[in-house]
Amino acid sequence: MEQLFYVQNGVCGNSMMWWKHDNCGYVCDIQKAKQFTQAEIDKMDSIKEGSKTAWPVEYIDERIQHHIDFQYCTHEDAMAGIQDVEQTQ
């Protein structure tokens, strides 16, 4: 089986940022990250220069943790949803 890699481009808070699967920016969600072959990695100047880092897929996948992204949460909206449910009962 061919070795595959994720390409890291820094961090955001305590999350690693990965090259997105459609080559359209970077994401913290590893499920949206592109997996690269060794041949693709070998052609990347940014890897050679050290501005990006290639990580083996198996190594990273063993360390996946799920978390809630605070930027999409507001306490006011959450509590409004509870109040709406309580009022309809």
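Quick note: the coordinates plus some simple rules give every number you see, no bench work behind them. Every value quoted in this text rests on a predicted model; they were computed, and no experiment measured them. Glycine also receives a Cβ, built like all others from the backbone with ideal geometry; neighbour counts cover every protein chain displayed.
Specify the residue that is nearest to Pro56 (Cα to Cα); the eligible residues are those in region 25-39 that are in contact (Cβ under 8 Å) with a residue 12 or more places away in the chain and in a helix (DSSP H, G or I). First the steps, then the outcome.
Going residue by residue through region 25-39, those that are in contact (Cβ under 8 Å) with a residue 12 or more places away in the chain are 26, 28, 30, 32-38.
Among the residues that remain, those that are also in a helix (DSSP H, G or I) are: 30, 32, 38.
On the way: Ile30: 13, Lys32: 16, Gln38: 10 Å.
Among them, the one singled out is Gln38.
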> Among the numbered criteria (1) loosely packed, with under 11 Cβ neighbours inside 10 Å; (2) over 21 Å from Asn14 (Cα atoms), which single criterion is violated by Met44?
Replying inline: (1)
